[in-house]
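Engineer: Pasting a structure here, questions to come.
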């Protein structure tokens, strides 16, 4: 069990404008809390490279150690979460995103369309992982993240490779 701070950021123009309920964010928050992470309710931001990058920078600067984004990973014109994340992370961890796409195949063959990435924001040591916005992708993806997040946070804090 960990008590590290986590944050879920829902990236959705429609949810940001109040036109659609955020359903994926609360699922991710619940799973993180069940796993022992200290996690407030999801923050909802609009789509866009700059809005994502700014939200990630703010979260890392205030000591969040695990940031899970939901939404904006597809191929639509406003799906720019990976681009915003790329502006902020300093070390990519491609295996996490690869596993999320691979394991997502069980739910939908469309999981291969997710362009989500994962990586570390130095010098803060925050882990960022992009998930698609669908509730199924969130429900199946958070456990994948939880399988490695504690170890990653320990490693960036100088822990041993055990």
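The values are calculated or read from the model by the stated rules, or taken from the named source; none is laboratory data. These figures come from a predicted structure and were not determined experimentally. Quick reminder, even Gly has a Cβ in these numbers, built from the backbone with ideal geometry, and neighbours come from all protein chains shown.
Engineer: Quick check on residue 61: is it under 13 Å from the mean Cα position of the chain (by Cα) and more than 23 Å from residue 136 (Cα to Cα)?
Structural biologist: no
Engineer: Further question: Here are the criteria: (1) under 26 Å from residue 113 (Cβ atoms); (2) in a helix (DSSP H, G or I); (3) touching a strand residue (DSSP E or B) at 6+ places or on another chain (Cβ under 9 Å). Tell me which single one residue 14 does not satisfy.
Structural biologist: Tallying (1) under 26 Å from residue 113 (Cβ atoms); (2) in a helix (DSSP H, G or I); (3) touching a strand residue (DSSP E or B) at 6+ places or on another chain (Cβ under 9 Å), residue 14 fails exactly one: (3).
Engineer: Name every residue in the stretch 43-54 that is outside any strand (DSSP E or B) and either surrounded by fewer than 23 Cβ atoms within 10 Å (Cβ to Cβ) or at positive phi (or both), in order of residue number.
Structural biologist: Once the filter is applied, which keeps residues that are outside any strand (DSSP E or B) and either surrounded by fewer than 23 Cβ atoms within 10 Å (Cβ to Cβ) or at positive phi (or both), the stretch 43-54 yields 46, 47, 48, 49, 50, 51, 53, 54.
Engineer: Which residues, taken from the stretch 15-36, are touching a helix residue (DSSP H, G or I) at 6+ places or on another chain (Cβ under 8 Å) and over 16 Å from residue 133 (Cβ atoms)?
Structural biologist: Across the stretch 15-36, the qualifying residues are 32, 35.
Engineer: Are any residues in the stretch 76-99 outside any loop (DSSP other than H, G, I, E, B), crowded, with 16+ Cβ neighbours inside 10 Å and in contact with a strand residue (DSSP E or B) (Cβ under 7 Å, 6 or more places away or on another chain), and if so, which ones?
Structural biologist: Passing the criteria: 81, 82, 85, 96, 97.
Engineer: Let me ask something else about it. Being in contact with a strand residue (DSSP E or B) (Cβ under 8 Å, 6 or more places away or on another chain), surrounded by fewer than 20 Cβ atoms within 10 Å (Cβ to Cβ) and either touching a residue at least 60 places away in the same chain (Cβ under 8 Å) or part of a loop (DSSP other than H, G, I, E, B) (or both) is true for just one of 63, 133. Which residue is that?
Structural biologist: The unique qualifying residue is 63.
Engineer: From the residues in the stretch 100-111 that are in a helix (DSSP H, G or I) and surrounded by 11 or more Cβ atoms within 10 Å (Cβ to Cβ), which one is modelled with the lowest pLDDT?
Structural biologist: Selected residue: 110.
Engineer: Here is a further query. Answer yes or no: is there a residue in the stretch 145-161 that is buried (at least 16 other Cβ atoms within 10 Å of the Cβ), under 21 Å from residue 24 (Cβ atoms), at pLDDT below 95 and in contact with a strand residue (DSSP E or B) (Cβ under 9 Å, 6 or more places away or on another chain).
Structural biologist: no
Engineer: Under 7 Å by Cβ, and 6 or more places apart or on different chains, what pairs join a residue from the stretch 26-41 that is more than 20 Å from residue 11 (Cβ to Cβ) with one that is not in a helix (DSSP H, G or I)?
Structural biologist: That search, which allows pairs on different chains as well, returns 33/39; 36/1; 36/2; 36/3; 38/3; 38/4; 38/5; 38/6.
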